[in-house]
1. I'd like to know if the range 256-271 contains one or more residues that are out of contact with any helix residue (DSSP H, G or I) (no Cβ under 9 Å at 6 or more places or on another chain) and either in contact (Cβ under 8 Å) with a residue 40 or more places away in the chain or under 21 Å from residue 143 (Cβ atoms) (or both).
2. How many residues are modelled with pLDDT of 90 or more and in a loop (DSSP other than H, G, I, E, B) if we restrict to the range 103-132?
3. Assess whether residue 155 counts as being in a helix (DSSP H, G or I), outside the structural domain of residue 78 (by TED's automatic domain parsing) and within 22 Å of residue 259 (Cβ to Cβ).
4. Based on this model, can you work out whether residue 180 counts as within 30 Å of residue 124 (Cα to Cα) and surrounded by fewer than 14 Cβ atoms within 10 Å (Cβ to Cβ)?
5. Based on what the data block shows, is residue 162 over 27 Å from residue 255 (Cβ atoms), at pLDDT below 90 and either touching a strand residue (DSSP E or B) at 6+ places or on another chain (Cβ under 8 Å) or not assigned by TED's automatic domain parsing to the domain that holds residue 76 (or both)?
6. In this structure, does residue 222 turn out to be in contact with a helix residue (DSSP H, G or I) (Cβ under 8 Å, 6 or more places away or on another chain) and either closer than 30 Å to residue 120 by Cβ or modelled with pLDDT of 90 or more (or both)?
7. If a residue has to be over 30 Å from residue 21 (Cβ atoms), crowded, with 17+ Cβ neighbours inside 10 Å and touching a helix residue (DSSP H, G or I) at 6+ places or on another chain (Cβ under 6 Å) to count, how many in the range 111-154 make the cut?
8. Looking only at residues that are part of a loop (DSSP other than H, G, I, E, B) and under 32 Å from the mean Cα position of the chain (by Cα) in the range 1-19, which one is surrounded by the most Cβ atoms within 10 Å (Cβ to Cβ)?
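The values are calculated or read from the model by the stated rules, or taken from the named source; none is laboratory data. What you are looking at is a predicted structure, and each value in this text was computed from that prediction instead of being measured. Note that we place each Cβ from the backbone using ideal geometry, even for glycine, and neighbour counts take in every protein chain shown.
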C-alpha cells in the first residue's frame with residue numbers, strides 16, 4: 001500500500017500539478033484551509049503531512065495540537081517554507097519535522113526522497129566529528145544520525161585521517177585511519193544503532209532475543225570445541241590472549257563476542273569462523 005499524504009495548501013495550481021507527479025509513490029489528499037487540515041488529521045491516518053506556510057489562518061500552536069491528537073501516532077511533517085512560532089514543533093510527539101525551501105522543485109525532490117523506500121537505505125553524506133568522536137550520517141530520505149565510532153567493531157581507535165567518503169552508491173561509507181586500517185560502515189549498521197523504527201534495531205525485543213540466542217549458540221560451540229581438545233579455560237586464554245573471565249562470559253552466552261574475538265578463538269582452535277557462528 002502506498003503512503004498516504006496530506007497536502008494542505010491554498011495554491012490549487014500547485015496541488016493539481018503535484019498530485020500526478022508523485023502518484024507513483026503515494027496517494028494524496030488535498031485540503032485548502034488550516035481548518036480542513038486539522039479535521040483531516042483527526043479523522044484519517046497519514047504517513048506524511050505537507051503544510052504550505054502560506055495557508056490562510058495557519059496557527060502553529062493549533063497545528064501541533066492537531067498532530068498531537070492525530071489519528072496517526074507518528075509521521076513526518078514537511079513544512080513547505082519556514083513555519084512561524086517553530087518553537088511549538090518540539091511538542092509534536094512522535095512527528096518528525098522537515099523544512100523545505102518554498103519552491104516547487106524542492107518540494108517534489110523532498111517528497112520523492114521521503115517516500116522512496118530505497119532512500120531510507122541510501123547514505124547521502126557523512127562527516128566525522130572529531131570532538132564528539134562520532135560520525136554524522138545523513139540519508140537520502142532526509143533523516144540524519146550520530147553514530148559513535150566505538151560502535152564500529154573494526155575501528156582500531158587510531159585517528160581518522162580524513163573525512164569519510166560515501167561508497168557503493170550510498171550503501172556504505174569508508175573510513176581511513178592513521179594506522180592504515182580502512183573499513184566500511186554499511187547503512188544498516190547505522191540504523192541498527194540509531195533508528196528505533198528499523199525492524200532490526202538493537203533496542204527491539206525481537207532483536208534482543210535474536211542476539212541472546214546468537215551469543216548462547218556461539219558460546220556453546222566455543223566451549224564444546226575447547227573441551228573436545230581437553231583444554232582448560234586458562235589454556236584457551238593463553239592461546240588467544242583473551243582474559244579467562246572474558247572467555248567465561250562468552251562461553252556462558254552472557255556476552256556477544258566481536259568479530260575480532262571470534263577470529264582469535266577460531267584461529268586458536270583451528271576451526272573456521274563459520275563453524276562457530278553459523279546457525
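1. Checked the range 256-271: at least one residue is out of contact with any helix residue (DSSP H, G or I) (no Cβ under 9 Å at 6 or more places or on another chain) and either in contact (Cβ under 8 Å) with a residue 40 or more places away in the chain or under 21 Å from residue 143 (Cβ atoms) (or both).
2. Going through the range 103-132 one residue at a time, the tally reaches 5.
3. No: the conditions fail for residue 155.
4. Judged against the criteria, residue 180 is a match.
5. no
6. yes
7. 1
8. Within the range 1-19, the subset part of a loop (DSSP other than H, G, I, E, B) is 1-3, 9-11.
From what is left, the residues that are under 32 Å from the mean Cα position of the chain (by Cα) are 1-3, 9.
Details: 1: 5, 2: 13, 3: 18, 9: 22.
If we take residues in the range 1-19 being part of a loop (DSSP other than H, G, I, E, B) and under 32 Å from the mean Cα position of the chain (by Cα), then 9 is surrounded by the most Cβ atoms within 10 Å (Cβ to Cβ).
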